[in-house]
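Remarks on the structure that follows.
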Amino acid sequence: MITQLSDLFLEGSMAFMSILTLLLALLFLAAWKAPAWVCDIGNIALALGILFTGIGVYPACDDIQQAGYISTSVLCGGIKCMIIAPCYGLIIYVVSRIIKICQTPRI
């Protein structure tokens, strides 16, 4: 399992996944020290995951356009790598919502 997680981390782009991981660490720190920031950090993680996908897809589309024909297996491999960052951002967002629900006082 650990090797699979590290493979996902590397396939999702080291820079992008590192930024999202820093946001996850910041989320847990904010849950302890600054609870008002929890939702904002989750929203930022989700938005950055989507932004990182756009940043990665744009040059890939240029390469596909220049190459002409690309086999479907190569294209599906690229799509598989493309969805890693937004899924990680979505996971961080869901964790932030769960933390916020746990922090909300009960009536």
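The values are calculated or read from the model by the stated rules, or taken from the named source; none is laboratory data. Note that the structure is predicted; figures quoted are calculated from it, not measured. Note: ideal-geometry Cβ built from the backbone for every residue, glycine included; neighbour counts use all protein chains shown. Just so you know, the surface numbers come from the protein's heavy atoms only, side chains and all, with ligands and any DNA or RNA stripped out. Shrake-Rupley method; radii C 1.70, N 1.55, O 1.52, S 1.80 Å.
Below are the figures for this structure:
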read-out	value
Three semi-axes of the equivalent ellipsoid, the chain, Cα gyration tensor, whole Å, largest first	33, 13, 11
Loop-located chymotrypsin sites (Phe, Trp or Tyr not before Pro) in the range 1-96 whose Cβ has at most 10 other Cβ within 10 Å (DSSP)	Tyr69
Computed FRET value (nearest 0.05) for Ser73 with Thr21, which takes r as the C-beta separation and R₀ as 22 Å	0.15
List Leu90, Leu22, ordered by accessible area with a 1.4 Å probe, largest first	Leu22, Leu90
Estimated FRET transfer efficiency when R0 is 30 angstrom, pair Thr104-Ile55 (beta carbons, to 0.05)	0.30
Accessible-area value, Leu10, 1.4 Å probe, nucleic acids and ligands omitted, Å²	100
Loop-located trypsin sites (Lys or Arg not before Pro) in the range 41-107, at most 16 other Cβ atoms within 10 Å (DSSP)	Arg106
Computed [θ] at 222 nm, deg cm²/dmol, the chain (DSSP H ≥ 4; -39,500 (n - 2.57); rounded to nearest 500)	-29000 deg cm²/dmol
Efficiency of FRET from Cβ geometry, Val94 and Ala36, R₀ 25 Å, rounded to 0.05	0.85
